[in-house]
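Notes follow once the structure below has been shown.
The values are calculated or read from the model by the stated rules, or taken from the named source; none is laboratory data. Quantities reported herein were computed from a predicted structural model and do not represent experimental measurements. Note that we place each Cβ from the backbone using ideal geometry, even for glycine, and neighbour counts take in every protein chain shown.
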Amino acid sequence: MSSTVCASASASASASAAARAAEEAGEEEEDDRTFSGEKEWFFRKRALVVRTFEDFLEAAIGGVITRASEDLARWVSEDCPENHWQGRHCIELGSGCGLVSSTLLKLRASVVATDLEQLLPHLKWNLGLNADKDSERNSVEALEWGDESARKALRQKVGEAGAAGVFAANCVYSHEAVTPFLEAVHSISGSETLALMCGIPVPPASKVKQDGEGDTACFIDSFLATVPEYFDCHLVAVPGGAEKSGRADKEASAVYPDGIASSLAQAHGLTAGALADGIWLLKLPGNAPPSWIKPLLTLQARGVADS
């Protein structure tokens, strides 16, 4: 399956939508953090320390650690078997500040962190904060998901078997970005690849279309409608527990109108917010998750997408 979305237009639209989403979510996501300066992130009961530098003024949403990035980094470091990522080739899409990539570096993986060209200097700096001196286990590369030649080049880098792990946190900011994103993941996946994504932002209330007007209202609906064209999709974790995800129940119907996410969540005793905040494993059709992963729910693929 080939994308019909222009790469540059998709990247621009995603960046603009990201900025809007960041502004809209400011009150919820800010907590007691600042948007500038170096920070330390502690995992494995403080045995694993990851350093990052955030700079919202220079890198906008790409310069801020999102909650989804923290959740995915924590899951990668604490919920996977000991030494699982050591020596394995991993790729992060939409890396931003590179918290997930930096965590993988600390876990001794070989990492390629990707994002838009203008974000690479900041990303490279952050990986350098966490890499061993003279380490050759990390690199940064520009990647626009809709660029087929760039996807093929990345696949050649990881080899015929595909990457061992593909990671993405909070990086799908528009309906139009869903297909290029999934095609990018598909292009670097093999039968053993664990493709893990976390966090699908809620669009600003002013952008949500109600009563069936036009496109699917929420990004999570677009994702769930499209992902079975490429992958078997497994919800493997809801960070903090399902009861702490998404919005309060009284607000849920306004934020997540009736749709795929709401229906699927209700059928499994969850909320649409839990699906949006959750960690998803994408596997090529017919390839089961490893035995140590126990999915909360699974969406089977409808067919196999072309490479």
Please go through segment 273-301 and pick out each residue that is over 18 Å from S222 (Cβ atoms) and out of contact with any Leu (no Cβ under 9 Å at 6 or more places or on another chain). L284, P285, G286, N287, A288, S291, W292, K294, Q300
Quick one: what pairs do we get from segment 149-163, first residue within 14 Å of L93 (Cα to Cα) and basic (K, R), second assigned to a loop (DSSP other than H, G, I, E, B) and at pLDDT below 95, C-beta under 9 Å, 6+ apart or different chains? R155/S307
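Do the conditions hold for E27, that is, is it assigned to a helix (DSSP H, G or I) and either at pLDDT below 60 or over 28 Å from G146 (Cβ atoms) (or both)? Outline the logic, then answer.
Values: assigned to a helix (DSSP H, G or I): yes; either at pLDDT below 60 or over 28 Å from G146 (Cβ atoms) (or both): yes.
It is true that E27 is assigned to a helix (DSSP H, G or I) and either at pLDDT below 60 or over 28 Å from G146 (Cβ atoms) (or both).
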Going by the structure shown, is R33 assigned to a loop (DSSP other than H, G, I, E, B), more than 15 Å from the chain's Cα centre (by Cα) and at pLDDT below 95? yes
Might you let me know whether segment 147-160 holds any residue that is buried (at least 24 other Cβ atoms within 10 Å of the Cβ) and either more than 30 Å from V202 (Cα to Cα) or touching a strand residue (DSSP E or B) at 6+ places or on another chain (Cβ under 8 Å) (or both)? no
